[in-house]
Every structure is written in C-alpha cells, then in structure tokens.
1. Could you tell me which numbered condition Val371 fails, if it satisfies all but one of (1) more than 16 Å from the ligand (Cβ to nearest atom); (2) touching a residue at least 60 places away in the same chain (Cβ under 8 Å); (3) under 23 Å from Gly220 (Cβ atoms)?
2. Report the residue count in the stretch 329-383 for those that are more than 30 Å from the chain's Cα centre (by Cα) and assigned to a helix (DSSP H, G or I).
3. Looking only at the stretch 132-160, which residues are polar (S, T, N, Q) and assigned to a helix (DSSP H, G or I)?
4. Kindly check whether there is at least one residue in the stretch 376-397 that is over 21 Å from Tyr287 (Cβ atoms), away from the ligand (no atom under 16 Å from the Cβ), surrounded by 22 or more Cβ atoms within 10 Å (Cβ to Cβ) and in contact (Cβ under 8 Å) with a residue 24 or more places away in the chain.
5. Of all residues in the stretch 90-103, which are buried (at least 24 other Cβ atoms within 10 Å of the Cβ) and out of contact with any Leu (no Cβ under 8 Å at 6 or more places or on another chain)?
6. If you scan the stretch 404-460, which residues turn out to be among the hydroxyl-bearing types (Ser, Thr, Tyr) and more than 11 Å from the ligand (Cβ to nearest atom)?
7. Quick one: which residue in Leu146, Leu178, Leu174, Leu139 is modelled with pLDDT of 95 or more, closer than 28 Å to Pro289 by Cα and surrounded by 17 or more Cβ atoms within 10 Å (Cβ to Cβ)?
8. So which residues in the stretch 71-88 are hydrophobic (A, V, I, L, M, F, W, C) and surrounded by 24 or more Cβ atoms within 10 Å (Cβ to Cβ)?
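The values are calculated or read from the model by the stated rules, or taken from the named source; none is laboratory data. This structure is a prediction, so every number in the text was calculated from the model and none was measured. When we count neighbours, we look across all protein chains shown, and the Cβ atoms used for this are built from the backbone with ideal geometry, even at glycine.
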Amino acid sequence: MVFFFHCLITFVSEQKKMPTVEDYLAKTLSDHGVRRFFGIPGGPSIPYLEAFRKAGIEFILTSHEASAAVMADVTARLTGVTGVCHATFGPGATNLSTGVGGALLDRSPVLALTSEMPDAWLGRTAQMNIDHQALYKPLTKATFRLSAENAREVIGESLMIANREYPGPVHIGLSSDLAETRIASPLKTSKVADHSPEYRIDDRVRVLLASSRRPVIAAGLTAMRKGAGDGLRKFLETCEVPVVVTPMAKGIIPSGHPSYAGVLFHALSDRLKKLTQEADLVIGLGYDPVEYNYESWLPSVPLVHIDTVAADVLPAGAMQVVSGPESWFKILAPLRSSPQMVSLAREARENMSRELKSAINGFTPATALSVLRQMLPDETVVTADVGSHLHLVGQMWDVTDAGKLIMTNGWSSMGFGLPAAIAAALVNRTAPVVCVTGDGGFMMNAGEMMTARRYGLKIIVVVLSDGELNLIRIKESWKNVNPYGTNLYSGSLFGSETFMGAEVIHATGRKGMQAAVSRALLSDRSVIIEAAVDPAVYSGLIVKS
Ligand SMILES: Cc1ncc(C[n+]2csc(CCOP(=O)(O)OP(=O)(O)O)c2C)c(N)n1
C-alpha cells in the first residue's frame with residue numbers, strides 16, 4: 001500500500017514536470033528552426049499563440065488563411081525549415097486548405113495546425129463544426145489529432161513525414177480543450193529514417209544512355225528543390241547535351257548556358273519541338289510530373305525517368321530509376337556529348353528570345369517585364385501569380401539563382417503571388433521583393449497589402465492590369481467562344497492614388513513604367529505599380545495546350 005502511494009505521488013509529481021501540449025509543440029518547433037507561423041486565430045488558438053511567442057516564434061497575422069498557408073509554403077521553400085500555419089474551426093480550416101493544397105502539389109514541407117472540437121462534440125451539430133480530418137485527408141501527406149498521450153509521437157512524426165520525399169503538408173488537429181494539459185510521460189518516438197532510396201539500374205537504362213546520339217535532359221522541380229544545379233553544370237562541362245526545364249526548375253542552369261534551350265509549357269514552348277523531336281532519348285532528371293505530364297510534350301522516343309519518388313504513370317516503354325540526387329550524375333555517366341543537339345538548343349533559345357523581344361512593342365506585358373528586368377538588381381526575388389503573365393514571366397525572366405523566381409506550377413492557384421512576396425520579404429529583408437501579378441489574381445488576396453503594412457514590409461507589387469482574366473479569354477478564343485465571364489472592370493483597377501495605405505503608381509507606357517520602378521525602389525514602403533498593359537501579345541505567345 002505504501003509502495004502504491006509512493007508510486008502514485010512520484011507519477012503525479014513527474015507529470016507536473018511535463019510541459020503542456022502547447023509548450024511542448026512550441027519548443028519542438030523552435031528547436032526544429034521555426035521562427036514564425038502564419039494564420040488567423042480563433043479563441044482556442046490563444047494558448048498556442050502565447051506558447052509560440054514565448055518560444056521565440058512570431059505569429060504573423062494574415063488577412064485570409066489561404067495566404068497564411070502560402071506564406072508557410074514559401075517560407076519553407078526559402079529557408080529549408082518546415083513552414084507552419086494555423087486556422088480555427090470550420091471556415092478557418094477550409095480557407096487554410098487552399099494554401100495547404102499548394103504545399104502538397106508544389107512539394108513544400110508545411111505543418112497546418114487547426115483547432116478542432118473536443119471529442120464529445122465531434123460529429124455533432126455545432127457552430128463551425130466540420131470534420132477537419134476528412135477535410136485534410138486528400139490535401140496532406142498525413143493528418144492527425146493531437147492528444148496529451150500522442151503529442152511526442154505525432155509532432156515528431158509529422159515533421160518527419162512533411163520533410164520526406166516528396167515533401168508536403170501534414171495537418172494536426174488541436175482539440176480546443178487540449179491546451180494546458182500536460183503531455184504524457186516520455187514515449188518512444190518511432191524514428192522513420194529518410195535515406196535516399198537504394199537504387200537499381202536496369203541494364204536497359206545503361207544501354208539506352210550509352211547508345212543515345214541525340215539525348216535531351218528535361219530538368220524538373222525535384223532537381224531544383226534538391227539543389228542539383230551545381231551537379232548538373234559540372235556534368236555539362238564534360239558532357240554537352242541540351243537541357244529543357246519545367247517552369248519551377250527555371251534557374252537550375254543560367255538562361256545563357258550553352259546547353260540551355262528553354263522552359264517547357266510556358267510561352268513559346270512549342271518552339272522547343274524542333275529540338276525535342278530530333279531527340280533519340282529524353283532523360284527526365286528530378287522530373288516531377290506534377291508540373292507537366294510527359295504525355296503533354298514527349299516525342300515518341302524512349303524516356304529514362306529519374307526522380308526521388310516513383311511516378312504513378314509513365315508513358316508506355318519508359319524506364320525509371322528512383323534515387324536521390326547524389327546518384328544522378330553517376331547514372332548519367334554513360335551519356336555522350338551531342339554538339340549537334342546543343343546547337344539546336346542554342347537555335348531554340350535564340351529564336352524564343354527574338355520573338356519575346358518583338359513582343360516588347362508598345363506597352364505590352366513584355367515591355368513591363370523588360371523594364372523590370374533592366375532596372376531590378378540580380379538579387380531581386382520575384383514572385384509570380386497564375387495566368388497569362390506567368391507564362392510570359394516563366395519564359396522571359398532570366399533567373400540568376402535558385403529562390404529568385406517563386407511560383408506555383410503544381411497547384412497553380414491564383415492569389416499566390418502576393419502572399420508569396422510577403423513571405424519572401426519576411427525571410428530576406430535586404431533584397432528587393434517584387435510580385436508580378438494579373439489583376440484577377442491580385443484581387444483574390446489583395447487584403448494581404450495590409451499584412452505587408454502591418455509588418456513594415458517593403459514589396460513592389462506590379463499589377464499587369466488588363467481588365468480581364470486573360471488566360472481564360474484566350475482559352476475561349478481557342479474554342480471560338482466570344483469573351484464571356486472574363487471581363488473584370490473597365491477603367492482603372494484602383495481609381496485611386498493609394499490602396500490600403502500603399503502608394504499606387506499608374507503606368508501607361510514604357511517611360512511611366514521606368515519612372516514608377518525608380519520611385520518604388522527608392523521608397524521605404526510597399527508600392528503598387530498599376531501597369532495598364534495591352535494584353536494583345538499574349539495570344540501569340542501562349543501555347544495551346
Ligand atoms: C484559384 C483559381 N481560380 C481559377 C483559376 C483558373 N485560372 C487560371 S488563370 C486565370 C485567369 C487569371 O487572370 P489574371 O489574374 O487577370 O491574369 P492574366 O491571365 O490576365 O495574366 C484563371 C481564372 C486558377 N488557376 N486558380
């Protein structure tokens with residue numbers, strides 16, 4: 001009996017020493033390297049906000065939860081540390097989910113924390129109550145409900161799962177009565193190791209590589225994310241073969257590199273056909289089909305697909321090697337130079353560049369971009385939204401380095417550009433951050449201009465104002481349908497000199513654009529440049545898909 005009471009007292013005093021769930025979560029994330037998290041709080045969020053604040057993790061209040069998840073995604077992309085975002089019950093969680101889907105299909109490690117109803121209320125009719133676990137199942141790599149008993153295991157495992165290939169989001173539901181409870185005594189955390197998969201190369205892959213005379217490398221999102229650019233450049237020094245890239249891999253080698261041909265899928269990418277159709281072998285290198293499925297562009301030649309994760313479906317006859325980037329260039333060793341293909345790559349690159357230059361005629365989106373390119377320093381971080389302008393930015397913008405052009409081409413959600421710019425400005429307070437967006441996409445998350453103001457951030461927002469959802473209008477024209485449901489407004493978008501406290505500069509021509517950019521660069525606050533462009537050139541540049 002005495003022994004029993006002794007054990008009970010020891011257990012109770014041990015429990016008292018255990019941290020609360022919110023302190024444990026905050027400390028674990030802080031130790032992991034998290035420095036800020038994004039969202040909109042509800043009542044049950046308060047203990048978590050406090051615990052995070054005390055652990056040195058700043059809460060960034062956004063105008064919409066979707067933006068918070070985009071910011072978490074972009075923070076993770078730029079820092080290499082898991083991004084964290086938070087929302088309350090029901091509508092908070094559904095708002096957040098749009099950005100969480102982005103982290104899934106753009107492959108970014110994110111923890112999405114939402115407040116959930118206590119056990120007794122799950123499944124009941126109650127204000128703001130929906131099933132978050134069901135909501136997040138298709139949008140995440142895993143979804144959990146935290147408890148005092150599973151806290152250690154779930155938090156540790158969530159971080160691991162989010163960062164394993166492909167990286168992506170994990171959702172953790174925080175029951176609203178969970179805060180202030182102490183986590184249960186130490187549990188074994190199950191360690192799930194993430195070493196690169198053991199790879200096996202089929203002999204047929206070696207034969208294909210060794211016998212190819214006209215290979216083309218297609219470098220993709222995984223290659224970019226894994227930092228394979230240095231390895232690729234080194235490889236190309238000894239083996240000269242052409243390289244095409246997916247939009248999110250732009251910058252993996254410089255646009256002026258002799259092997260660089262151009263960007264698949266984006267403006268004028270059909271000009272790459274002359275090169276790809278000459279190929280006798282395509283090598284998808286760190287090629288994540290989420291951006292652009294092979295079926296959409298691959299000529300009927302053999303494919304060797306190399307990636308960190310097995311593809312769900314590949315074109316018939318394709319060979320695949322699942323391996324980490326440290327083995328990629330060993331795998332490619334049998335490949336031989338192809339000067340003839342490299343000269344086709346140069347031709348494609350030069351032709352596209354010539355055609356893009358001819359679109360700089362009057363005040364077109366290409367003119368606005370060329371002014372920006374000339375005036376912004378190389379260290380500028382550019383974020384782009386989704387629409388016709390992205391097709392142009394993707395092909396036209398010379399990217400000097402990884403992390404200098406940020407886009408979503410896996411999830412492709414309008415409204416991405418502005419919150420992405422805010423996240424980039426929070427990470428890097430010295431380099432200029434410029435968001436290039438269409439007017440439709442800007443309007444989706446325009447409230448985030450207040451977030452930039454609240455945190456004293458300086459971003460330059462270039463709204464390519466054409467008064468319409470141009471990409472959809474172009475798609476209507478491909479179907480011989482008159483413009484319908486795509487007109488946004490007539491006249492000026494802002495009709496004012498300020499928007500939420502930010503100066504709005506109207507530019508209607510090249511000179512005005514130049515003056516606006518100089519002024520914006522000199523300003524110590526966020527500036528919006530409303531570039532009233534003529535969108536007519538888009539239809540000749542965007543490739544029918
Ligand atoms: C959230 C979301 N809704 C709708 C779409 C479909 N969509 C793709 S591009 C586009 C038009 C974008 O218009 P705007 O932002 O003005 O850019 P522009 O095409 O004019 O450059 C639409 C509606 C999408 N990608 N994401």
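1. Against the list (1) more than 16 Å from the ligand (Cβ to nearest atom); (2) touching a residue at least 60 places away in the same chain (Cβ under 8 Å); (3) under 23 Å from Gly220 (Cβ atoms), Val371 comes up short only on (3).
2. So in the stretch 329-383, the residues more than 30 Å from the chain's Cα centre (by Cα) come out as 333-344, 347, 358, 361-362.
Among the residues that remain, those that are also assigned to a helix (DSSP H, G or I) are: 339-344, 347, 358.
So the answer is 8.
3. Within the stretch 132-160, the subset polar (S, T, N, Q) is 133, 140, 143, 147, 150, 158.
Listed by number, the residues that qualify are Gln133, Ser158.
4. For the stretch 376-397, residues over 21 Å from Tyr287 (Cβ atoms), away from the ligand (no atom under 16 Å from the Cβ), surrounded by 22 or more Cβ atoms within 10 Å (Cβ to Cβ) and in contact (Cβ under 8 Å) with a residue 24 or more places away in the chain: present.
5. Leu96, Gly99, Gly102, Ala103
6. Answer for the stretch 404-460, where residues must be among the hydroxyl-bearing types (Ser, Thr, Tyr) and more than 11 Å from the ligand (Cβ to nearest atom): Thr430, Thr451, Tyr455.
7. Numbers: Leu146 fails: closer than 28 Å to Pro289 by Cα; Leu178 fails: closer than 28 Å to Pro289 by Cα; Leu174 fails: closer than 28 Å to Pro289 by Cα.
Result of the check over Leu146, Leu178, Leu174, Leu139: Leu139.
8. Looking only at the stretch 71-88, we keep the residues that are hydrophobic (A, V, I, L, M, F, W, C), and these are 71-72, 74, 76, 78, 81, 84-85, 87.
Once the filter is applied, which keeps residues that are hydrophobic (A, V, I, L, M, F, W, C) and surrounded by 24 or more Cβ atoms within 10 Å (Cβ to Cβ), the stretch 71-88 yields Met71, Ala72, Val74, Ala76, Val84, Cys85, Ala87.
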